[in-house]
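Colleague: First the structure, which I've put down as structure tokens, then a few questions once you've had a look.
The values are calculated or read from the model by the stated rules, or taken from the named source; none is laboratory data. Source: prediction; values computed, not measured. Every residue, glycine among them, receives a Cβ derived from its backbone with ideal geometry; neighbour counts consider all protein chains shown. When the accessible area is computed, the model is the full protein with side chains, heavy atoms only, and any ligands, DNA or RNA have been set aside. Shrake-Rupley method; radii C 1.70, N 1.55, O 1.52, S 1.80 Å.
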Amino acid sequence: MIDHLKQELKKGLENYYLNKYNIEISMVVEEPKNASLGDISIPMFSVVKTLRKPMPELVNEAIEVINGFVLPVLDIKSVGAFINLFVDKAQLSVSIINKCLSSGDEFGNSEIGKGKNVTLDYSSPNIAKSFSIGHLRSTMIGNSLKLILRKCGYSTYAINYLGDWGTQFGKMIVAYKKWGNKEEIMSDPIKKLTELYVKFHVEAEKNPELEDEAREAFRKMELADPEYLELWRWIKDESLKESQQIYDLLEIDFDSYNGEAFFNDKMDAVVDELDSKGLLVEDQGAKIVDMGEDMPPALIKRSDGGSLYITRDLAAVFYRKKEYKFDKILYVVGNEQKLHFNQLKKLIDKMGYDFADNVIHVNFGLYLTNGKKASTRKGNVTKLYDVLQTAIKLAYDLINSKNPDLKDKERVAKYVGIAAIVFGDLKNFRGLDVEFNLEQSVKFEGQTGPYLQYTGVRIASILRDKEFDSNNCEAALFEKPHYFELVKMVSQFKSTIEKAAEECAPSVIAKYLLSLAQSFNKFYSLEKINVEDEKIRNTNFALAKSVRIVLNEGLRLLGIQYLDEM
Ligand code: ARG
């Protein structure tokens, strides 16, 4: 319970041992499963092991130390190696609620990231291809992580590492020059370019020389041939328009759009460095680095001299380290690139740099429909933007039937639709595959984003035009389990955010918000909030308001807008 108190006890005891014995002991402060034993329990094993004195002596010493702290503790008992504390729930609750009310949307702010920089690489779609579900996942997870990290005091730098370079553009340009037509492409750029790309592969089956032409075309791009670069830039601009529609809708932005092409002129230096460190090996004309037993070798340079994805990532990571001075860099990319990032880390390590451990692949799973991989490839190009619009339309219909007189229905529907998609994703631990069901995700009940928005709206309507004095509460009410349960959850907001930041897992916050909303709704079914008795009414309003503060801020951290009405 009551994370703040646990933290104080941990810190207080650790400081005490450090000052008294000049020894660092990591204290465990936990909540016993069985509440009759106490609200907080401190096992003394590590202290006994470190200080090598009789248990009872150390337990008594610790109890004395704790008694010296000014904490809302009613009673302390020891059972064997455990010190159990009984907390003054009423007093503690009042102080938590007031802290939440006075902090507002700063409640839950943490300092664990103070003075540290995190660079995030997310979204990163491939141009001239449609924005895939994988890129949408990366966008939503990356955006949420950025917000979570900022809440924890980190400085962040968000990069959209566009997939705008590579042999596929050679193919695209060859296909365009042979079969393409500008006007036709402009009618529906991504679709038409994808068709050209498919045609290239069909034709290349029959006529393998096309592959050589494509390689040659990419070489020309790498050598900055103006005609080729202009074509490339045109394709890139058209593609970005599609991605931008999605970013605008989701209200997502980046600090940099430097994609793979940006590193074209920065690779030679890295290849030279690999060479001078004796890591490059010649292999059938190509240049590779041996990765040892547990990984296939990394292909650094093709036999025709063309550059590769890993080489560009290597150049990028050094550039970013220098420019953004990151303490950590997060790559929000699907599970299928696990090997790629393992190789990247190992290369950094082999080159003698010490930051490989701070290069983190924030991996995620696939979307499944009926157990099978949902795919936007192979012609059935469902534009993701259209999927988002469908969610918004479903939300609109639902709102229209529940609350036809609502003003601003369009705006509300937009945010409810987005909440459905975003929460439908982020509630799942990112590493796992996700079975996604649009109709379910839009519903106002169940484990959905709209359910959380709806709970917030319910609280907003309870509080509308009401005044209350949170300093005049009926503190004894907090002895009741359903009251105390809620306060306890409110107090866990900060540690929940910190956990999400440490595990790079927005789902930690998503799950927490679901339980918070469930606890509130249970509370609401048990208690009349707007009662006669002034002190009880104050308490109820203050509690409801703090739940609302946490819900709103929690939703914001996931990239979801809270609402006042829906
Ligand atoms: N564009 C790549 C893809 O769609 C993702 C890039 C991820 N970031 C990176 N630095 N490799 O597969």
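Colleague: May I have the convex hull volume per residue, in Å³, for the Cα set of the range 228-299?
Modeller: Values: hull volume 12.5 nm³, N = 72.
About 174 Å³ per residue, rounded to a whole number.
Colleague: Let me ask something additional. Taking residue 177 as the anchor, which lysines have their alpha carbon closer than 30 Å to its alpha carbon, excluding any fewer than eight residues away along the same chain?
Modeller: Partners within reach: 129, 191, 192, 199, 206, 220, 236, 241, 266, 301, 378, 383.
Colleague: What does the charge add up to near residue 514, with Lys and Arg as +1, Asp and Glu as -1, over the other residues with Cβ less than 13 Å from its Cβ? Could you put the intermediate results ahead of the total?
Modeller: Numbers: positive: 427, 511, 522; negative: 445.
Cβ neighbours under 13 Å give a net charge of +2.
Colleague: Within the accessible area of the range 453-566, what % is carbon and sulfur when the probe is 1.4 Å and the other protein chains stay in place?
Modeller: Numbers: 2010 of 4650 Å².
C and S atoms contribute 43 percent here.
Colleague: According to the Kirkwood expression over distinct Cα-Cα pairs, how big is the hydrodynamic radius of the range 375-465, in Å?
Modeller: By the Kirkwood definition, the hydrodynamic radius is 14.2 Å.
Colleague: Just going by the charge dipole of the chain, with Lys and Arg at +1 and Asp and Glu at -1 on Cβ, which of 17, 172, 92 is farthest out on the positive end?
Modeller: Of 17, 172, 92, it is 92.
Colleague: Quick one: pull the percentage of alpha-carbon pairs in the range 412-461 with a separation above 14 Å. Please report the intermediate quantities before stating the final value.
Modeller: On the way: 592 of 1225 pairs.
Roughly 48 percent, once rounded to a whole number.
Colleague: Answer rounded, prolate or oblate for the range 174-270, using the Cα gyration tensor with square roots of eigenvalues a ≥ b ≥ c: rounded when a/c is under 1.5, else prolate when a/b is larger than b/c, else oblate.
Modeller: Oblate.
Colleague: Which of 232, 108, 267 sits closest to the plus end of the dipole of the chain, meaning its Cα is farthest towards the positive end, when Lys and Arg get +1 and Asp and Glu get -1 on the C-beta?
Modeller: 108
Colleague: Could you state the accessible area per residue of the chain in Å², with a 1.4 Å probe and every protein chain left in place? List each step's numbers first, then the result.
Modeller: On the way: 26390 Å² over 566 residues.
Result: 47 Å² per residue.
Colleague: To the nearest 20 Debye, how big is the dipole of the range 335-460 about its Cα centre, given +1 on the beta carbon of each Lys and Arg and -1 on that of each Asp and Glu? Could you put the intermediate results ahead of the total?
Modeller: On the way: 19 positive and 14 negative charges, 48 e Å.
Computed charge dipole of the range 335-460: roughly 220 debye.
Colleague: Now for a different question. With only Lys, Arg, Asp and Glu charged, each at its Cβ (+1 for the first two, -1 for the last two), find how big the charge dipole of the chain is about the Cα centre; round to the nearest 20 debye. Please report the intermediate quantities before stating the final value.
Modeller: Working: 76 positive and 84 negative charges, 160 e Å.
It works out to roughly 760 debye.
Colleague: For the range 1-153, what is the charge dipole size about the Cα centre, in debye to the nearest 20, if Lys and Arg each add +1 at the Cβ and Asp and Glu each add -1 at the Cβ? Could the numbers behind the result be given before it?
Modeller: Details: 18 positive and 16 negative charges, 127 e Å.
Charge dipole of the range 1-153: 620 debye, to the nearest 20.
Colleague: If you find the alpha carbon centre of the range 120-176 and of the range 383-426, how far apart are they in angstrom?
Modeller: First find each Cα centre; the distance between them is then 25 Å.
Colleague: Further question on the same structure: From the phi angles alone, apply the Karplus equation (6.51, -1.76, 1.60; θ = phi - 60°) to the range 221-229 and give each ³J(HN,Hα) in whole Hz, x where the residue is Gly or Pro.
Modeller: Once rounded to whole Hz, the list reads 4, 5, 8, 6, 5, x, 4, 5, 5.
Colleague: For the chain, what does the relative contact order come out to in percent, with C-alpha contacts under 8 Å and a separation of six or more? Display every interim value, and only then the final one.
Modeller: On the way: 863 pairs, mean separation 90.3, N = 566.
Worked out over the chain, it gives 16 percent.
Colleague: Using only the Cα atoms of the chain, construct the convex hull and provide its projected area averaged over every direction, in square nanometres to one decimal. Write out the running numbers ahead of the final one.
Modeller: Details: hull surface 129.1 nm².
With the hull built on Cα positions only, its mean projection is 32.3 nm².
Colleague: Also, quick follow-up: Hey, what angle do you get for helix 309-324 against the long axis of the chain, alpha-carbon based, 0 to 90 degrees rounded to 10?
Modeller: The helix 309-324 is inclined about 50 degrees to the chain.
Colleague: Could you tell me the ratio Rg/Rh of the range 133-219? Both radii from Cα atoms, Rh via Kirkwood. Before the final figure, lay out each step's value.
Modeller: Details: Rg = 18.6 Å, Rh = 15.6 Å.
Rg divided by Rh gives 1.20.
Colleague: Using only C-alpha positions, report the orientation-averaged shadow area of the convex hull of the range 253-369, nm², one decimal. The partial results should precede the final answer.
Modeller: Working: hull surface 36.6 nm².
For the Cα atoms of the range 253-369, the hull's average projected area reads 9.1 nm².
Colleague: Is it possible to state the helix-based mean residue ellipticity at 222 nm for the chain, with each DSSP H run of 4+ residues giving -39500 (n - 2.57), the sum divided by total residues, to the nearest 500 deg cm²/dmol? What is it?
Modeller: -18000 deg cm²/dmol
Colleague: Also, I was wondering about something else. Using a 1.4 Å probe over the heavy atoms of the protein chains, calculate the carbon and sulfur portion of the accessible area of the range 1-113 as a whole percent.
Modeller: Details: 3160 of 6080 Å².
Result for the range 1-113: 52 percent of the exposed heavy-atom area is carbon or sulfur.
Colleague: Over the range 319-377, with a single point scatterer placed on each C-alpha, what log10 of the ratio I(q)/I(0) does the Debye formula yield at q = 0.17, 0.30 1/Å?
Modeller: Ignoring solvent entirely, the Cα scatterers give -0.65, -1.28.
Colleague: In whole Å, what are the Cα extents of the range 92-192 along the three principal axes, biggest one first?
Modeller: 74, 27, 18
Colleague: Here is a follow-up. Compute the orientation-averaged projected area for the range 426-493 from the convex hull of its Cα atoms and round it to one decimal in nm².
Modeller: On the way: hull surface 28.0 nm².
Averaged projected area of the range 426-493's Cα convex hull equals 7.0 nm².
Colleague: Determine which aspartates and glutamates satisfy two conditions relative to residue 325: a Cα distance under 18 Å, and not lying fewer than 8 residues away in the same chain.
Modeller: List returned: 121, 255, 313, 349, 354, 357.
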